[in-house]
Amino acid sequence: MCKKITIDDCVAFHGHVCGGIALGYVLAQYAMEKLGACREDALCARVECSSCPVDAVQCVTGCTAGKRTLEVADAGRTALTLVRKETGRGIRAEIAVSVPAGLSKAETLGYILSLDPAAVCRWEPAALEVPLGR
Ligand SMILES: [Zn+2]
């Protein structure tokens with residue numbers, strides 16, 4: 001049975017409410033579902049941004065910098081490559097959302113969570129060289 005991570009878990013881990021944590025949460029949940037993975041599985045991840053969404057990725061996937069299962073390769077995209085550690089094979093997922101102007105941080109979070117992940121995320125097969133580089 002997979003441990004269920006909620007947006008509240010991610011916000012608690014991250015330390016504040018923001019749109020970025022919601023983007024990372026939706027992206028990471030989407031990637032986990034497409035990979036058919038549980039947080040308890042041996043996974044490795046590469047994120048392509050270096051801000052708020054990274055914390056949601058760590059919370060949802062269980063891949064962390066401290067375990068050397070997370071690589072932050074900032075390319076300015078809210079994208080995540082998530083693979084199984086034994087094979088290095090998995091998927092790359094990316095999220096793109098246009099948030100209406102004028103929303104508060106809490107409203108932005110709510111707006112992002114209200115969207116259909118299948119409409120704002122896309123994915124493709126991908127691989128990473130594991131163990132991840134230092
Ligand atoms: Zn944030």
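The values are calculated or read from the model by the stated rules, or taken from the named source; none is laboratory data. Since the model is a prediction, treat every value here as computed from it, not as a measurement. Heads up, the Cβs are rebuilt from the backbone with ideal geometry, glycines too, and the neighbour counts pull from every protein chain shown. Heavy atoms of the whole protein, side chains included, go into the accessibility calculation; ligands, DNA and RNA do not. Shrake-Rupley method; radii C 1.70, N 1.55, O 1.52, S 1.80 Å.
Okay, here's what the table says:
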{"quantity": "Around residue 53: net Lys/Arg minus Asp/Glu count, Cβ-Cβ under 12 Å", "calculated": "-3"}
{"quantity": "Protection-proxy order for peptides 86-93, 71-78, 23-30, each taking the mean of Cβ atoms within 10 Å per residue, highest first", "calculated": "23-30, 86-93, 71-78"}
{"quantity": "C-alpha long axis of helix 105-114 to longest principal axis of the chain, angle in °", "calculated": "60 degrees"}
{"quantity": "Accessible area (Å², per residue) of the chain, counting only protein heavy atoms and a probe of 1.4 Å", "calculated": "52 Å²"}
{"quantity": "Set of lysines with alpha-carbon distance to residue 34 below 17 Å, sequence-local pairs under 8 removed", "calculated": "3, 4, 85"}
{"quantity": "Globularity index of segment 7-127, i.e. its alpha-carbon radius of gyration over 2.2 N^0.38 Å", "calculated": "0.98"}
{"quantity": "For segment 26-65: Kirkwood Rh in Å [reciprocal of mean 1/r, alpha carbons]", "calculated": "10.2 Å"}
{"quantity": "Highest-fluctuation residue, 98, 51, 114 considered, GNM on the chain with Cα pairs under 10 Å", "calculated": "98"}
